[in-house]
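Readers should treat all values here as calculations from the given coordinates under stated rules, not as data from a laboratory. Quick caveat, the model's predicted, so the values are computed rather than measured. Glycine gets a Cβ as well: all are built from the backbone with ideal geometry, and neighbour counts include every protein chain shown.
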Amino acid sequence: MSSSLRENYLAMDRIVELRRQGNLEEALGQLESLMQGPTTPTMVLEQALLLGRLKRQPEAVRLLEGLAPGSRGDYGDVMLAGLLEHLGRSDESESLFEQLAAKPRLAPAVMRRVGQYLQAKDPERAALWAQRHDSPEAASQRAQSLLKSGHTSEALEVLQQACERYPGHHGLVCEWALLSLADQPPEVVAEQLETLLSLQEHRHNLKLRERLVQALRDTQQWDRAYQEVLECLRQGGNQHYLRALLAYILRDMGRIDEALSLMQELLLENSADNHVLGAYFKACREHDCKERASAFVATEAAKDPRKRRWWGAFKKAFRT
């Protein structure tokens, strides 16, 4: 491998890592600098993905449509289908999804997205489609479709059989565990998940750990829930969701000022998060912090007219 080619590979690795960390603008800037030289279809696909994540969907579509279908590959086609769907070009989007659904083999990432499309249209059809494929990802898709159709026991059976067929696929084991524990008492859920998370192969599974946090909260084990959610944050899960969960746990622990401060941070990042907004006002009401809530809303509504709607939630919470 030539030195320039190796440098390009390393640069792309850095760009992908930046994307995974959520640094989308920085990743796009580095990619565009890299594309001043020779450009590959992989670079164009990464650029389209970043543009889509940055809500610049029309630009992403133009990039992908500028590639020959053979250059886009299945991954590019499924990305384009999703972007077209978002832009309301339904006929073109469905045509691409259906072409992909007719293929005998798909990469896992493409299969997941096509499965989501089929589930939204017809879960029963999606389950039959997944059954035609022989892979761990297909078994997972079939189970999800069966769940959406209301066939919980059949979904459990599919996952159990898949675990036996693919014993080294840890994701299937986690899916089966989470579904089998869905109706169990929180004490049982906590015990079973702690056992799974003690195993090396599941130690970094965020879905299991997030479900454990919920079970610990349900059993009022606030200190342990607090430590677990911090571990989830360290492992790089959905930061906004996990920080919201941390705020609720701080509230549960009686650390009200910390909880309210964190909720305010989250609302400044995403003013449309109605769940956090409602939790913030509820906590303020329950802990005699009406003046704090009023001052926060007044300050932010003066800066941004879109936040004036917060007054409606404030009045509802305090019945004013």
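Could you name the lysines in cross-link range of Lys282, using Cα to Cα under 23 Å and dropping any fewer than eight places away on the same chain?
Straight-distance partners of Lys282: Lys290, Lys307, Lys315, Lys316.
When ranked by the protection proxy of mean other Cβ atoms within 10 Å per residue, highest first, what sequence do the peptides 41-49, 158-166, 291-299 form?
Details: 41-49: 20.1, 158-166: 18.1, 291-299: 15.3.
Output ranking for 41-49, 158-166, 291-299: 41-49, 158-166, 291-299.
Give, rounded to the nearest 20 debye, the magnitude of the charge dipole that the chain has about its Cα centre when Lys and Arg contribute +1 at Cβ and Asp and Glu contribute -1 at Cβ.
Details: 42 positive and 45 negative charges, 191 e Å.
With Lys and Arg at +1 and Asp and Glu at -1, about 920 debye.
By how many nm would the segment from Glu164 to Lys290 lengthen if fully extended, with 0.36 nm per residue of separation less the alpha-carbon distance? The partial results should precede the final answer.
Working: separation 126, 0.36 × 126 = 45.36 nm, distance 5.58 nm.
This chain segment gains 39.8 nm when fully extended.
At 222 nm, what helix-only mean residue ellipticity would the chain give, in deg cm²/dmol to the nearest 500, using -39500 (n - 2.57) for each DSSP H run of four or more?
Working: 19 runs with 244 residues, N = 320.
Taking each H run of at least 4 residues, the total per residue is -24000 deg cm²/dmol.
What number comes out for the charge environment of Glu85, summing +1 per Lys or Arg and -1 per Asp or Glu over other residues with Cβ under 13 Å away? Don't skip to the answer; put the middle values down first.
Working: positive: Arg89, Arg113, Lys121; negative: Asp77, Asp91, Glu92, Glu94, Glu98.
That works out to -2.
As an exercise, use a Förster radius of 41 Å and the Cβ-Cβ distance of Lys148 and Met253 to find the FRET efficiency, rounded to the nearest 0.05.
Numbers: r = 36 Å, r/R0 = 0.88.
Step by step, r from the Cβ atoms, then E = 0.70.
Please work through the chain and write down the cysteines that have no neighbouring cysteine Cβ at a distance under 4.7 Å.
Cys163, Cys174, Cys232
Could you sort the peptides 26-36, 300-310 by per-residue average Cβ neighbour count (10 Å cutoff), highest mean leading?
On the way: 26-36: 15.9, 300-310: 13.7.
By packing density, highest mean first, the sequence is 26-36, 300-310.
If the cut-off is a Cα-Cα distance under 22 Å, which lysines reach Lys103, setting aside same-chain residues fewer than 8 apart in sequence?
Of all the lysines, those that pass the test against Lys103 - Cα under 22 Å, at least 8 places apart if same chain - are Lys121.
Students often get this wrong, so try it: which of (1) 43, 19, 17; (2) 37, 29, 21; (3) 62, 19, 15 is semi-axes √(5λ) of the Cα gyration tensor in Å as calculated from the structure shown?
(2)
If the chain between Ala182 and Glu26 were fully stretched, how many nm would it gain, using 0.36 nm times the residue separation less the Cα-Cα distance?
Computed gain between Ala182 and Glu26 is 52.2 nm.
Do you know the relative contact order of region 184-237, to the nearest whole percent, from alpha carbon pairs under 8 angstrom that are 6+ apart? It would help to have the intermediate numbers written out before the result.
Numbers: 44 pairs, mean separation 18.8, N = 54.
Worked out over region 184-237, it gives 35 percent.
Got the relative contact order for the chain handy, in percent, Cα pairs under 8 Å and 6 or more residues apart? Don't skip to the answer; put the middle values down first.
Details: 296 pairs, mean separation 19.3, N = 320.
In percent, rounded to a whole number, it is 6.
Given the options Gly88, Gly76, Met35, identify the residue whose Cα lies farthest towards the positive end of the charge dipole of region 1-90 (+1 on Cβ of Lys, Arg; -1 on Cβ of Asp, Glu).
Farthest towards the positive pole: Gly88.
For region 250-320, what's the relative contact order in percent, using C-alpha pairs closer than 8 Å and at least 6 residues apart? The partial results should precede the final answer.
Numbers: 47 pairs, mean separation 18.4, N = 71.
It rounds to 26 percent for region 250-320.
Between region 17-41 and region 131-208, what's the alpha-carbon centroid distance in Å?
35 Å
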